[in-house]
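The values are calculated or read from the model by the stated rules, or taken from the named source; none is laboratory data. Since the structure is predicted, the reported quantities are computational estimates derived from the model, not experimental observations. Note that we place each Cβ from the backbone using ideal geometry, even for glycine, and neighbour counts take in every protein chain shown.
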Amino acid sequence: MEFVSEQEILKTQEKVAQVDFSMQVSKMIEYNKLDKDYVMACMQQYKNFLVLQMVYKDVDFVPNGMIDEAWHQHILDTAKYRKDCDMLFSKFLEHYPYFGLRGKEDERSWNKASDSSERVYEHHFKTKLYGMSDQNPCRSRSCWSGGDDDQD
């Protein structure tokens, strides 16, 4: 895969910066009782994720737990999410939570997408997508399904 230019990333970051996430941040802190620093880190990673979704249109990105948490908060405000997606993507950004859970081949595709996601994220943002920066890592199927990795 060829990486997009840093100029394109910067231009896209400016567009993502136009989205107001203040209500999602407030809800995560005040009602979900999450630490402010954690919430701000979630939102920054989510913004980075949106940037990558915009510039790598044909890549399936797998979010880490922090991105997924912020994404869920964004989706819950359906009208705003639809409007923001229209502004950013000119279409609705689907969230398919079953990727990797539909058998061994799908799991292999999910693992490949996770590897690509990490490589692209680390290239552009100089930090790992999964691991230390993710306080709720989601690299195993059990994180998504609530089950044991060895079960089909």
**Item:** Odd one out for residue 2 among (1) surrounded by fewer than 13 Cβ atoms within 10 Å (Cβ to Cβ); (2) more than 18 Å from the chain's Cα centre (by Cα); (3) at pLDDT 95 or above
**Value:** (3)
**Fill in**
Going through (1) of a type in the set (A, V, I, L, M, F, W, C); (2) within 17 Å of residue 122 (Cβ to Cβ); (3) surrounded by 19 or more Cβ atoms within 10 Å (Cβ to Cβ) one by one, residue 59 fails only at (3)
**Request:** Would you point out the residue of the stretch 110-130, among those that are free of Cβ contacts under 8 Å to residues at least 12 places away in the same chain and either of a type in the set (Val, Ile, Thr) or part of a helix (DSSP H, G or I) (or both), that is farthest from residue 9 (Cα to Cα)?
**Result:** 111
**Request:** For residue 109, state whether it is closer than 22 Å to residue 2 by Cα, crowded, with 19+ Cβ neighbours inside 10 Å and among the small types (Gly, Ala, Ser).
**Result:** no
**Request:** Sort through 51, 39, 16 and tell me the only one that's under 18 Å from the mean Cα position of the chain (by Cα) and within 10 Å of residue 70 (Cβ to Cβ).
**Result:** 39
**Asked** In this structure, does residue 25 turn out to be aliphatic (A, V, I, L, M) and touching a residue at least 24 places away in the same chain (Cβ under 8 Å)?
**Response** no
**Fill in**
Note on the stretch 80-95: residues closer than 13 Å to residue 20 by Cα and aliphatic (A, V, I, L, M) are 87, 88
**Item:** Output for the stretch 15-51, where each listed residue is closer than 16 Å to residue 3 by Cα and surrounded by fewer than 22 Cβ atoms within 10 Å (Cβ to Cβ)
**Value:** 48
**Asked** Residues 12, 78: which one is more than 22 Å from residue 109 (Cα to Cα), hydroxyl-bearing (Ser, Thr, Tyr) and free of Cβ contacts under 8 Å to residues at least 24 places away in the same chain?
**Response** 78
